[in-house]
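The values are calculated or read from the model by the stated rules, or taken from the named source; none is laboratory data. Keep in mind that this is a model prediction, so the values were computed, not measured. Glycine gets a Cβ as well: all are built from the backbone with ideal geometry, and neighbour counts include every protein chain shown. Ligands, DNA and RNA are excluded from the accessible area calculation, which covers all protein heavy atoms including side chains. Shrake-Rupley method; radii C 1.70, N 1.55, O 1.52, S 1.80 Å.
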Amino acid sequence: MRRRDFISGFAGAVTAWPPTARAQQPVKIYRVGLLTNGAVIGATDERRKNLLTALAAQGFIEGQNLALEQRSADAHPGRLYGLVNELVATNVDVIVTFGYPSALAAKNSTKPVPVVITGAGDPVATGLVDGLARPGGNLTGVTELSTDLSTKRLEILKDVVANLQRVAMLWNAGDLGMTLRYQSAQTAAGLIGVKVQPSGVREPDDFDNAFAEMRREAPDAILMVNDALTALNRKRVVEFANVNRLPTIFEVGAVVREGGLMSYGPKQSEIGERAAYLVARILRGARPADLPLETPTRFEFVVNLKTAKDLGLTFPSTVLARADEVIE
């Protein structure tokens, strides 16, 4: 057989192959790890749902080309380093962290993996990144305007609570990111003529001590900083505050829907969107060190009128007009 005839016949055979046989290529599965110092991030968790919805919009769909691996420390930060190693062993392409302790553990992994952080406070002040524009290392993510937000929450309390003088601030004193947020609130309080009553906690038993101190020296309101420890004990805080007729303000709307009075903070769906954008960039080959940290641009103010009625409070019409969600 002449060479020309052989090549012609081979080309014809290739052309004759069924299209499906040529098209069937292995689908690459991207693996994304979720790491939190809090409770398990279940299927109904808004953070997970927001992240998956936004990733799907970027072309990464769970069950098709995306698989999730998640690990949760249940407010025991000492477990985080082992959990990071477990995620690394599953060959994840990127880890999304929730909170400062999780971010720190992922950053210090013996085998660095790209990391997208959320809810970690000020990442520059805590040393997680070199800067917001060029984070360096293996981290990028979504940051918050903690000082501005602390001032805003205290101003809202002052608008709602007549003669506000002292605000008890509950925060996880064992979390550097949250401690810096407490300090920024303390500074902000001084600027608007309000005193902060520190109520730092490090473990669940500390909440009873904090409540006892508030009974001895009653504040005019409570501001709770949200992290794994306080979130796991949020219902205790809401119950104590409502029984003792203390107005509350939180950082996330979910606590208000469970009976808290008010919340003000970044819209959680946007945090999921921005984190997903960064994850998608990394899965497509970008380096975290070259991806500027994202800052939320949308915020929500949630109020609970039923709780207000139980506390004997009336929201000024000017405050209600600013609310994004009113629970009745």
Just to be sure I understand the filter: pairs with C-beta atoms under 7 Å, separated by 6 or more residues or on different chains, first member in region 39-64 and aromatic (Phe, Trp, Tyr), second member open to solvent by 40 Å² or more (accessible area, probe 1.4 Å). Which pairs pass? 60/30
Filter pass, residue 63 being under 16 Å from the mean Cα position of the chain (by Cα) and not charged (D, E, K, R): no
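Under the condition of being among the charged types (D, E, K, R) and farther than 23 Å from residue 151 by Cβ, which residue from region 262-282 is least open to solvent (accessible area, probe 1.4 Å)?
Within region 262-282, the subset among the charged types (D, E, K, R) is 267, 270, 273-274, 281.
Within this subset, residues satisfying the condition of being farther than 23 Å from residue 151 by Cβ are 273, 281.
On the way: 273: 74, 281: 92 Å².
Looking at the filtered set, the residue picked out is 273.
What's the total number of residues in region 135-176 that are assigned to a loop (DSSP other than H, G, I, E, B), in contact with a helix residue (DSSP H, G or I) (Cβ under 7 Å, 6 or more places away or on another chain) and open to solvent by 40 Å² or more (accessible area, probe 1.4 Å)? Break it down stepwise before answering.
Just the residues of region 135-176 that are assigned to a loop (DSSP other than H, G, I, E, B), to begin with: 135-138, 143-145, 161-165, 173-175.
From what's left, in contact with a helix residue (DSSP H, G or I) (Cβ under 7 Å, 6 or more places away or on another chain): 135-138, 164, 173, 175.
Checking which are open to solvent by 40 Å² or more (accessible area, probe 1.4 Å) leaves us with 137.
So the count comes out to 1.
Conditions (1) under 18 Å from residue 276 (Cβ atoms); (2) crowded, with 16+ Cβ neighbours inside 10 Å; (3) under 17 Å from the mean Cα position of the chain (by Cα); (4) among the aliphatic types (A, V, I, L, M), marked per residue:
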position	(1), (2), (3), (4)
70	yes, yes, yes, no
78	no, no, no, no
85	no, no, no, no
89	no, no, no, yes
92	yes, yes, no, yes
122	no, yes, yes, no
Over region 184-207, the set of residues open to solvent by 30 Å² or more (accessible area, probe 1.4 Å) and within 26 Å of the chain's Cα centre (by Cα) is 186, 187, 198, 200, 202, 203, 204, 205, 206
